[in-house]
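The next block holds one structure in the form of structure tokens; read it before the comments.
Only the coordinates and a few stated rules stand behind these numbers; no lab work does. Model, not experiment: these values are computed from the prediction. Backbone-built Cβ (ideal geometry, glycine too); neighbour counts: all protein chains shown.
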Amino acid sequence: MPDPCHLRSELFASHGLHGIVSLRTGGESNAPFDSMNLADNTGDDPAIVERNLRTLLAESGIALEPHRARQIHGCGVLHCRAAGRMHDSEADILLSVDGSPVAVRVADCTPVLLADPYSGLVAAVHAGWRGTEANVVGHAVRAMLDAGAQTGNMLASIGPCIGPCCFEIGEDTAAELRNCCPDAADFVLQKQGRPHADLTGINRLQLLQAGLALANIEVMLAAPAGCTCCNSRDYFSFRRDGAMSGRHLAIVAPMASA
Ligand SMILES: [Zn+2]
């Protein structure tokens, strides 16, 4: 059996949706991008990155190339339709209005996939600490509602990211995260006298505060097994490996159209 190259959201699959996050294994890139690197702007061979994308899509059963954008840790929305591609636009929320696949790239940051199976709208969200501080998932839910989704129908899957075990932050960042939404302070923990952030916990809280039902929010894998920094076999990590780290791709699409 070849190494698996992705995780799949059980919640999304049960609603006829692809919700996947690539793993580190199963690709062709050489060190330090070994092996399923999906970003061509960090020094890896673009031809290999393209082959990795084709492998990921084939293995996950997604036939169409996903829309991707230049991520800047903001709350900008790119409304996507028709053929997917890498856009020049800067956006950390990619919202598909016609069921075409949308994706974000991550290495430690939190990927959040959103869907309303009834309207067919799906979105991929990039939420690192800056995006989390700015409540990027709240902005994404509002963009989905503006496009015709209903909160009662909405599903969310939070993919693997750096966990509170490893995500030590400075006092200034800790103060910003504690104040980013009500009760966020519960997810900024003190360990050995230093603040550590639980990005999964804050994003989950923000989704609840945006009106999603508890039962409709899935955490794909809890830390530390799902901590990208702890688990070097399955995940790339910017905190652990620096700028030469590979990148994961988190993709969402309705199964019928993709
Ligand atoms: Zn960890």
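What is the stretch 1-70's relative contact order, in percent, from Cα pairs under 8 angstrom and six or more apart in sequence?
Values: 85 pairs, mean separation 16.5, N = 70.
So the answer I get is 24 percent.
Specify whether the C-alpha gyration tensor of the stretch 164-236 places it in the rounded, prolate or oblate class, a ≥ b ≥ c being the square roots of the eigenvalues: rounded for a/c under 1.5, otherwise prolate if a/b is larger than b/c and oblate if not. Oblate, because a/c is 1.5 or more while a/b does not exceed b/c.
Enter the Cα centre distance for the pair the stretch 219-255 and the stretch 98-165, rounded to the nearest angstrom. After rounding, the separation between the Cα centres reads 16 Å. Here each label is just a point 7 Å from Cα along the line to Cβ, and for Glu59 and Ser89 those points are 3.0 nm apart.
Please give the peptides 86-95, 41-50 ranked by average Cβ packing (other Cβ atoms within 10 Å per residue), highest first, as a rough proxy for protection.
Details: 86-95: 20.0, 41-50: 15.0.
Top to bottom by mean Cβ count within 10 Å: 86-95, 41-50.
Taking 7 Å steps out from each Cα toward its Cβ at Ala147 and Ala222 produces label points 3.1 nm apart. Each residue, Gln190 and Tyr118, gets one label point 7 Å from its Cα in the Cβ direction; the gap between the two is 4.6 nm.
The Rg/Rh ratio for the chain is 0.94, where Rg is the radius of gyration of the alpha carbons and Rh is the Kirkwood radius.
Note down the net charge around Ala174, summing +1 for each Lys or Arg and -1 for each Asp or Glu among other residues with Cβ under 11 Å from its Cβ. Don't jump to the answer; show the numbers that get you there.
On the way: positive: Arg178, Arg194; negative: Glu133, Glu168, Glu171, Asp172, Glu176.
Residues near Ala174 contribute -3 overall.
Dividing the helix sum by the residues of the chain, where each DSSP H run of 4 or more adds -39500 (n - 2.57), gives a mean residue ellipticity at 222 nm of -6000 deg cm²/dmol. Please label the shape of the stretch 119-258 as rounded, prolate or oblate, based on the square roots a ≥ b ≥ c of the eigenvalues of the alpha-carbon gyration tensor (a/c under 1.5 means rounded; beyond that, a/b larger than b/c means prolate, else oblate). In terms of gyration-tensor shape, oblate.
At 0.36 nm per residue, minus the direct Cα-Cα distance, what do Glu168 and Met255 gain on full extension? Give it in nm, one decimal, please.
Values: separation 87, 0.36 × 87 = 31.32 nm, distance 3.81 nm.
Taking 0.36 nm per residue and subtracting the Cα distance, the gain is 27.5 nm.
Just need log10 I(q)/I(0) for the stretch 1-153 at q = 0.09, 0.10, 0.19 Å⁻¹, Debye formula, equal scatterers on the alpha-carbon atoms, no solvent, rounded to two decimals. Log-scaled intensity ratios, in q order: -0.27, -0.34, -1.23. Comparing Arg204, Arg105, Arg240 in a Gaussian network model of the chain (Cα springs below 10 Å), the most mobile by mean-square fluctuation is Arg240. The ellipsoid equivalent to the alpha-carbon distribution of the stretch 1-87 has semi-axes of 21, 19, 12 angstrom, derived from the gyration tensor eigenvalues as √(5λ) and listed largest first.
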